[in-house]
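Report on one structure; see the data block that follows.
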Amino acid sequence: MENESIGFALAAIKTEQFALFEEKYSSKKELNITTSLEFKINEEQKLIGVFATFTFEQSKKTFIKIQVSCHFNIEPNTWTSFLKDNNVVFPKNFICHLTMLTIGTSRGILHAKTEGTEFNKFILPTINVNQLVDKDAEFNLST
């Protein structure tokens, strides 16, 4: 599958969570950003969802939290090519690509949600997706 084209399309974007706690922010404190990822599938509709969560903290207190999900339709022949035993296995490079699209989408949503506020200066940095995704994404299929 390494050199083959993978058929997929962006089917949906959702802002799962957005919270802004102005009172917990101080311009004088050091900033920390944590990132987490989750992957979910819908076997029937041949969808994979990438859920990216970003938390901006100071002194372990969250002042911005955003979770965005991008849902991708996988072309039926591609889905079939990912089947192995009773699992669907998405190659690491493909998962990295979907994750990169989701992070970029999250960056835009964060900008739109904070536009016109002092929090608009907080931009998601570029992220080495290969450090976040270190293996194939494997899901057990229900039978």
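The values are calculated or read from the model by the stated rules, or taken from the named source; none is laboratory data. A quick note: this is a predicted structure, and the numbers were derived from the prediction, not measured. For neighbour counting, all protein chains shown are included, and Cβ atoms are generated from backbone atoms with ideal geometry for every residue, glycine included.
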Taking only pairs six or more apart or across chains, which ones have beta-carbon atoms under 6 Å, a first residue in segment 120-143 that is under 16 Å from Val50 (Cα atoms), and a second residue that is in a strand (DSSP E or B) and at pLDDT 95 or above?
Leu132/Leu37; Asp136/Val89; Ala137/Phe39; Ala137/Phe90; Glu138/Asn87; Glu138/Val89; Phe139/Ile41; Phe139/Val88
Within segment 15-50, the residues that are more than 22 Å from Thr105 (Cα to Cα) and among the acidic types (Asp, Glu) are Glu22, Glu23, Glu30, Glu43, Glu44
Out of all the residues in segment 109-127, which are surrounded by fewer than 13 Cβ atoms within 10 Å (Cβ to Cβ) and either within 19 Å of the chain's Cα centre (by Cα) or not charged (D, E, K, R) (or both)?
Ala112, Gly116, Thr117, Ile123, Pro125, Thr126
Neighbours by Cβ (under 7 Å, 6+ apart or cross-chain): first from segment 74-98, at pLDDT 95 or above; second of a type in the set (Lys, Arg) and part of a loop (DSSP other than H, G, I, E, B)
Ile74/Lys46; Pro76/Lys46; Trp79/Lys46; Lys92/Lys135
Matching residues, segment 87-104, being closer than 16 Å to Leu141 by Cα and among the hydroxyl-bearing types (Ser, Thr, Tyr)
none
Which members of segment 25-43 meet the condition of being under 30 Å from Lys135 (Cβ atoms) and among the basic types (Lys, Arg)?
Lys40
Sort out which residues of segment 10-33 are part of a loop (DSSP other than H, G, I, E, B) and either loosely packed, with under 14 Cβ neighbours inside 10 Å or hydrophobic (A, V, I, L, M, F, W, C) (or both), and write them in order of number.
Phe21, Ser26, Ser27, Lys28, Lys29, Glu30, Leu31
